Amino acid sequence: MELETINKLYLELSQVATAKTARELELEDLLTSARCIAQRKGADTAWNRFDARLSDAGIGTVTAKVFKVIPQFPDEA
């Protein structure tokens, strides 16, 4: 193979290897939505619709991580 051909194939392979999957894009969108909801403290949120999108993406309701206000950091409330 010529060097030019090898370079073109390498470029195509690197683009495929770094491309995001549909699932990654969906999860990124859901995280962006969750951050926006958090910033407005949940106001005006269609919780049932948001929950349905999370469920459709295969995200469960059980987690080992809990984000509660810790008494020594009351300003987070």
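Considering only the stretch 13-51, how many residues are among the acidic types (Asp, Glu) and at positive phi?
Residues meeting the conditions: 1.
Restricting the search to the stretch 17-73, which residues are of a type in the set (Val, Ile, Thr) and either under 14 Å from the mean Cα position of the chain (by Cα) or surrounded by 10 or more Cβ atoms within 10 Å (Cβ to Cβ) (or both)?
Hits for the stretch 17-73 are 21, 32, 37, 45, 59, 69.
Yes or no: residue 32 part of a loop (DSSP other than H, G, I, E, B) and among the polar types (S, T, N, Q)?
For residue 32, the condition - part of a loop (DSSP other than H, G, I, E, B) and among the polar types (S, T, N, Q) - is not met.
Would you confirm, using the coordinates I've provided, whether residue 32 is at pLDDT 85 or above and either in contact with a helix residue (DSSP H, G or I) (Cβ under 8 Å, 6 or more places away or on another chain) or β-branched (Val, Ile, Thr) (or both)?
Yes: the conditions hold for residue 32.
Cβ-Cβ under 6 Å, sequence separation 6+ or interchain: first residue in the stretch 17-28 and of a type in the set (Asp, Glu) and at pLDDT 85 or above, partner assigned to a helix (DSSP H, G or I) and open to solvent by 90 Å² or more (accessible area, probe 1.4 Å). Which pairs?
Nothing qualifies.
Using the structure shown, decide if residue 11 is of a type outside the set (S, T, N, Q) and over 23 Å from the mean Cα position of the chain (by Cα).
On the way: of a type outside the set (S, T, N, Q): yes; over 23 Å from the mean Cα position of the chain (by Cα): yes.
So residue 11 passes the test.
Could you please find all residues in the stretch 1-29 being in a helix (DSSP H, G or I) and within 22 Å of residue 59 (Cβ to Cβ)?
22, 23, 24, 25, 26, 27, 28, 29
Is there any pair with a first residue in the stretch 51-72 that is farther than 17 Å from residue 34 by Cβ and a second that is open to solvent by less than 100 Å² (accessible area, probe 1.4 Å) whose Cβ atoms are under 6 Å apart and which are 6 or more apart or on different chains, and what are they?
Cβ pairs passing all conditions: 69/77.
The values are calculated or read from the model by the stated rules, or taken from the named source; none is laboratory data. Keep in mind it's a predicted model, so treat the numbers as computed, not measured. Cβ coordinates were reconstructed from backbone atoms using ideal geometry, including for glycine residues, and neighbour counts include every protein chain displayed. The protein model used for the area step is the full one, side chains on, heavy atoms only, and it has no ligands, DNA or RNA in it. Shrake-Rupley method; radii C 1.70, N 1.55, O 1.52, S 1.80 Å.
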